[in-house]
């Protein structure tokens, strides 16, 4: 077993951290921290990150991807501000979902701009009544000649209001299939280009990651060229699952990054703040909180990196990915709680910034499968019994 990063991996991590400080944070700081960034600012951030290979890390080089090892991808994601990290993950996951099952003509049309970060992508999966069970999709699509007509509502869509392109997941109506059977058998991916197939997009206010774009999407008779249908009807769930697997430890590492920044702030604070004539860093209970923060962060990081390393080896890692996601997001959220305790009343203020990190971390327990869904995935892997689908 080897727990040290290679020289190349350390360089990747350091490069990402330096780039964030030099090119990312100034853009974020120039805009209201509590309002979604304009699309132009998002594209500027994408352009800054494109040289790191983050626009298409899972795609092969022959189609413009960077074929980045999962472990290297994770090292970079830990360094990114959470709202930007989630946006990148949505974009590149969507790009990967297009690649999986796309024919050559579709690849030529969609991939070049996406892999360069010239356009922004999102995936339309969750709905008001559909979250953890994507096979229960209620959005409907039907063929009309050389077009597909989409009706339905998507909710909790990252990048929805700034995306140029969406992979919408819908139940494709088929001859002889009733509604229940159509939903079960023909869940389909459709590329919807907003400039050619307009849809309504609204920002959804949330507790954290407020510079990002959490959205509601409404399709009302949205007409899309039939040539934009990806793969075969019914193959959507497989494509979604393949991307969710890596997304889970990647989200976990975003939580690790938030908690690590909080720990760094604590270490600086306890060396300056005095009470009872002593630096509070000398107090035993403060040291206990710092120790607990470190343990939660280090354990979370190792679980996430292990899951990604297994994926790089081609191993089946459902259990490891799900464990990494729930453990990292929940434990890093608690580490941030401790950081606020270390800072006392100052930890509750806007000025220190811990409350923003805490709100961002709270958001990360939900996407790509809630904590509870991750537990069920692990339980199924351990016992062989399905707990939420027969």
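Where a number appears in this text, it was derived from the coordinates with a stated rule and is not lab data. Model, not experiment: these values are computed from the prediction. Neighbour counts run over all protein chains shown; Cβ positions are idealised from the backbone, glycine included.
Some points to look at:
- Three-way shape label, the range 121-232, alpha-carbon gyration tensor, a/c 1.5: oblate
- Annotation: extensible slack from residue 44 through residue 346 equals 105.4 nm (criterion: 0.36 nm per residue apart, minus Cα-Cα distance).
- Computed packing ranks the peptides 29-40, 109-120 as 109-120, 29-40, most packed first, by mean other Cβ atoms within 10 Å.
- Neighbour-count order for 327, 388, 219, 3, fewest beta carbons within 10 angstrom listed first: 3, 388, 327, 219
- The chain: angle of helix 354-363 to the longest principal axis, Cα-based, in degrees nearest 10: 30 degrees
- Taken over the alpha carbons of the range 300-352 as equal point scatterers, the Debye sum produces base-10 log I(q)/I(0) values at 0.18 Å⁻¹ of -0.62.
- Calculated mean residue ellipticity, 222 nm, the chain: -16000 deg cm²/dmol, from DSSP H runs (n ≥ 4) at -39500 (n - 2.57) each, averaged per residue and rounded to 500.
- Which of 272, 55, 42 has the fewest Cβ neighbours within 10 Å, and the rest in rising order: 272, 42, 55
- Tilt relative to the chain, helix 371-383 - C-alpha long axis, 0 to 90 degrees, to 10: 80 degrees
- Rounded tilt (10° steps) of 82-99 against the dominant C-alpha axis of the chain: 30 degrees
- Rounded, prolate or oblate (a/c below 1.5 giving rounded, otherwise prolate when a/b exceeds b/c) for the range 7-115 by Cα gyration tensor: oblate
- Segment residue 29-residue 372, length gained on full extension (0.36 nm per residue, minus Cα span): 120.0 nm
- Distance in nm between pseudo-label sites at residue 22 and residue 136 (7 Å out along the Cβ direction from Cα): 4.9 nm
- Note on 153, 186: ascending count of other Cβ atoms within 10 Å places them as 153, 186, the fewest first.
- Anisotropy class of the chain from Cα gyration tensor, a/c 1.5 cut: prolate
- Segment residue 241-residue 205, extension gain: residue separation times 0.36 nm, minus the distance between their alpha carbons: 10.2 nm
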